[in-house]
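Colleague: Before we start, here is the structure in question, set down as structure tokens.
The values are calculated or read from the model by the stated rules, or taken from the named source; none is laboratory data. Everything numeric in this text was worked out from a predicted model, so none of it was measured. Reconstructed Cβ throughout: ideal geometry from the backbone, glycine too, with neighbour counts over all protein chains shown. With ligands, DNA and RNA removed, areas are computed over all heavy atoms of the protein, side chains included. Shrake-Rupley method; radii C 1.70, N 1.55, O 1.52, S 1.80 Å.
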Amino acid sequence: MTNRYYIQTFGCQMNKHDSERIAGHLHECGFKPALGLEQADVILVNTCYVREKAMSKVFAYLGRLRLLKNTRPDLIIGVCGCGAQGEGKALMERMPWVDFISGPQEVLRIGELVSQVRSGSSHLAALSMPDLDFEKLPLVQPHRDDSLKAWVTIIEGCNNFCSYCVVPFVRGRERSRTARAILQECQELVGQGYKEVTLLGQNVNSYRGPGRQTYSFPELLDLLARESGLGRVRFVTSHPKDLEHSLIEVMARHASLCPFLHLPVQSGSDPVLAAMNRHYSIAHYRDLITAVRSMIPDIGLTTDIIVGFPGETEHDFQATRSLLEWVRYDSAYIFHYQVRSGTAAAQMVDSVPLEVKLARLAELVELQNTITLEKHRALLGKDLDILVEGPSKRGQGLFSGRSGSNVIVHFAGNTHDIGLFRTVRVQEVFAHSVKGTLRSSTG
Ligand code: SAH
Ligand code: SF4
């Protein structure tokens, strides 16, 4: 029997990294990657549960896998991640061609589940959430696709229970890794030639490194900047209620800590923020933005916004619009509110009609697109230091990379630029990226 796996990932960077851990686990169990669905003996679908739309994509994909399974009955199909945890066994009742499901805390049991299915078991569910400390989990070497940029988890789970959000229910309580383990993983990545690491957590600011010496998140960043040897460190996601001034200071102090902050605001209205259980006011949020910009003037700022939260009035929406105009984010992920069962907001009246939600969404997207383009235009003639990642998606023999502030930059380069830091002068701008010419080598 051949042992080839294929993983299809939906959702956030954390899910993408979980898929790398699942791949690493499967390699340890003797599996090899399949080149495509057709060659796979085991297909895993790693799912996102945050919005209903994400789950409908998963169901559509699983529907297509049914056809494949009809032609190859020995094919094993597993659904893992947040969607598996959220839907539970109902998923296999609805889609009986799925052989097993496993939640985000059970990904390292997938090898065992595949063996059980091969021995004749069906419709297995591994959904326990023991919230184990990292040190108690089996170590797994992630199997990473990228050889320059890596994700490193620093904290799992979430304790915030924002009223709209299902994440705390499917990923469990917060658990931080020790600073030592994180530093060691980063140093190993440097040894393997990695140039950039993105630290992952639902709320990195509540990181509290356990162990003999405890570390706050700013202290962890300081440690990594001093001792990891990484050229660049980024992190997502920051919760505004927990962002300390010491974080801004440490970012300003170290060149390797990228001038970039994803700081989801969700709404520009205090009453809506209170109903969302976010625990900060817009005045506080604006103070944070002012402090960050005064200490790190070239900071790249992005956010998440939900429009049409229960009770959101036109006045509340206009407050969100004003906030976007005031902050002038580099980009924003804007969603319309979708009820998630089990959350506190599911008990509230979903008062904003869908067409109003969609109109507000479209209005904000248009506003943000205008701002993003204006910000790109302001870069014309300026030099950006980028890490060259590879051939550009725009083709034409171009190469591309990102600035520390996360702007995508295209330029006419060479394969030997890949993995190096280069300076590019911006000469043309687009909606989602800029283009320029190579100035010099910076490292
Ligand atoms: N931990 C991160 C990411 C959470 S999920 C954070 O705190 O920002 C990513 C984004 O999805 C959220 O920031 C929010 O904007 C959006 N989101 C979450 N639940 C939602 C819901 N029920 N409806 C619409 N958008 C939602
Ligand atoms: Fe969800 Fe809020 Fe936790 Fe982010 S901080 S994962 S939005 S509950």
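Colleague: Please report the equivalent ellipsoid semi-axes of region 137-377, computed as sqrt(5 x eigenvalue) of the Cα gyration tensor, largest first, in whole Å.
Modeller: 32, 21, 16
Colleague: Let me ask something else about it. Normalising by the residue count of the chain, find the relative contact order in percent from Cα pairs under 8 Å and 6+ residues apart.
Modeller: Here the relative contact order equals 9 percent.
Colleague: A further question on this structure: Would you rank ARG422, ARG64 by solvent-accessible area, highest first, keeping every protein chain in place and using a 1.4 Å probe?
Modeller: These residues rank, largest area first, as ARG64, ARG422.
Colleague: How many angstrom lie between the C-alpha centres of region 363-436 and region 1-35?
Modeller: Computed from Cα coordinates, the inter-centre distance equals 31 Å.
Colleague: Still on this model: For region 225-276, treating each Cα as an identical point scatterer without solvent, what Debye log10 I(q)/I(0) comes out at q = 0.12, 0.20, 0.32 1/Å?
Modeller: Here log10 of I(q) over I(0) equals -0.37, -0.77, -1.29.
Colleague: Which three extents, in whole angstrom, do the alpha-carbon atoms of the chain cover along their principal axes, largest first?
Modeller: Cα extents, longest axis first: 63, 56, 52 Å.
Colleague: Something else about it: Residue separation times 0.36 nm, minus the C-alpha to C-alpha distance between ARG377 and VAL190: what's the value?
Modeller: 63.8 nm
Colleague: For q values of 0.21 Å⁻¹, compute log₁₀ I(q)/I(0) with the Debye formula on a Cα-only model of region 266-331, without solvent.
Modeller: -0.86
Colleague: Under 8 Å for C-alpha pairs, at least 6 residues apart: give me the relative contact order for region 4-126, rounded to a whole percent.
Modeller: Reported as a whole number, the value is 24 percent.
Colleague: Let me ask another. Structure shown: which of LYS375/LYS435; LYS32/LYS195; LYS57/LYS241; LYS149/LYS241 lie over 21 Å apart, alpha-carbon to alpha-carbon?
Modeller: LYS32/LYS195; LYS57/LYS241; LYS149/LYS241
Colleague: Name the shape class, rounded, prolate or oblate, that the alpha-carbon gyration tensor gives for region 383-441, where a ≥ b ≥ c are the square roots of its eigenvalues, rounded holds for a/c under 1.5, and otherwise prolate holds if a/b is larger than b/c and oblate otherwise.
Modeller: Note, shape of region 383-441 comes out rounded.
Colleague: Here's something else I'd like to know. I need the helices of the chain that pass two filters: whole DSSP H segments spanning 24 Å or more by Cα along the axis, and mean Kyte-Doolittle score no lower than -1.0.
Modeller: Long hydrophobic helices here: 52-71, 354-377.
Colleague: Still on this structure: Divide by every residue of the chain the summed helix terms, -39500 (n - 2.57) for each DSSP H run of at least 4, and state the resulting mean residue ellipticity at 222 nm, rounded to the nearest 500 deg cm²/dmol.
Modeller: Helix-only estimate at 222 nm: -10500 deg cm²/dmol.
Colleague: When DSSP beta bridges are limited to those with both residues in the chain, what percentage is antiparallel, rounded to the nearest 5?
Modeller: On the way: 26 of 69 bridges.
Of the beta bridges lying entirely in the chain, close to 40 percent run antiparallel.
Colleague: I've got another one for you. Assuming 1.002 mPa s and 20 °C, estimate D for region 66-131 with Stokes-Einstein, Rh taken as the Kirkwood radius over Cα pairs, in µm²/s. Can you show the working numbers first?
Modeller: Working: Rh = 11.9 Å.
My calculation gives 180 µm²/s for D.
Colleague: Determine the sum of side-chain charges near VAL388: Lys and Arg each +1, Asp and Glu each -1, restricted to other residues whose C-beta is under 10 angstrom from that of VAL388.
Modeller: In short, +1.
Colleague: At R0 = 45 Å, how high is the FRET efficiency between ARG286 and ARG394 if r is their beta carbon distance? Nearest 0.05 is fine.
Modeller: Efficiency computed from Cβ-Cβ geometry: 0.80.
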